[in-house]
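Have a look at the structure below, then the notes.
Values quoted throughout were computed directly from the atomic coordinates according to the rules given, and no laboratory measurement underlies them. No experiment lies behind these values; they were computed from the predicted model shown. Methodologically, a virtual Cβ is constructed for each residue, glycine included, from the backbone with ideal geometry; neighbour enumeration extends over all protein chains shown.
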Amino acid sequence: MFVGHYGPSFAIRAVRPEIPLWVLFVAAQLVDIAWVTLVLAGIEKVRIVAGITAANPLDLYYMPYTHSLVAALLWSIAAAVVCRLVFRWKGWGAAAWVGAAVLSHWVLDFLVHRPDLPLYGNTAKVGLGLWNYVGISLVLEVVVLLSGVWMYLAKTRGLTTVGRCGPMVFVVLMLAVQIATLVAPLPPSPATVAASGLGAYLAFAAVAGWIDRRRVPVGGVAGVS
Ligand SMILES: [Zn+2]
């Protein structure tokens, strides 16, 4: 799962306007941002195996600290606590939604990954394997993303041209990047996969924040600056 992870980001932003969209973009990919970092550090392991799934060539054989269910729960709790402290939200409602965005990553990964997601440590691995069906997994990504975007567009309105047109242009861009990953040649190394993933996650979060600052809740008052 790649751009589909942002469906929950848009959906949660629609119901909790106090959470900046960029925070929810980082939250939805936090587990992968941690994975990229640990792969580059040589702590978690991945190798390129052509054809291991139809949609991507990653043999994710060791990722207990980011993609086990227990680890994802811990990342989720940590993100909720950090955001509660940093943003000084009243109560735990918004922080809990950030935690939910972090955990949504594992749930969506569970649908597409082959059984390489450990429940704990590096054992009891699960995954429904929809990546073995390129068409189905792509439709899933698009449906999850667009469902969230639809909620976001219904609950917010643009103040400027960027605010009004930005979301749809951005979605088209994200889908283009998604399709590019499907048709791209085999990556030369795990480090290349990790570095390009990190670049995409950070760029997407930055663009999301840039557009979102130009939209306000429907019927709401002042915008989020
Ligand atoms: Zn992941």
Item checked: Cα gyration tensor, region 77-171 - rounded (a/c under 1.5), prolate or oblate -> oblate
Note to self: Going by amide H atoms built from the backbone, whose H comes under 5 Å of the H on Thr156, apart from near neighbours?
What the structure shows: Val218
Next item on the list: Report Rg(Cα)/(2.2 N^0.38 Å) for the chain, keeping two decimals.
Entry: 1.00
Notebook entry, point to check: Between Tyr61 and residues 5 or more places away or on another chain, which pairs have amide H atoms under 5 Å apart, with H built 1.01 Å from N, and which residues are they?
Noted result: Arg47
Next item on the list: At 7 Å along the Cα-to-beta-carbon direction for both Asn132 and Ala78, put a label point, then send me their distance in nm to one decimal.
Entry: 3.3
Notebook entry, point to check: So what J values fall out for region 91-106 if you push phi through Karplus, 6.51 cos²θ - 1.76 cosθ + 1.60 with θ = phi - 60°, rounded to Hz, Gly and Pro as x?
Noted result: x, 10, x, 5, 4, 5, 5, 4, x, 5, 4, 4, 5, 4, 4, 5
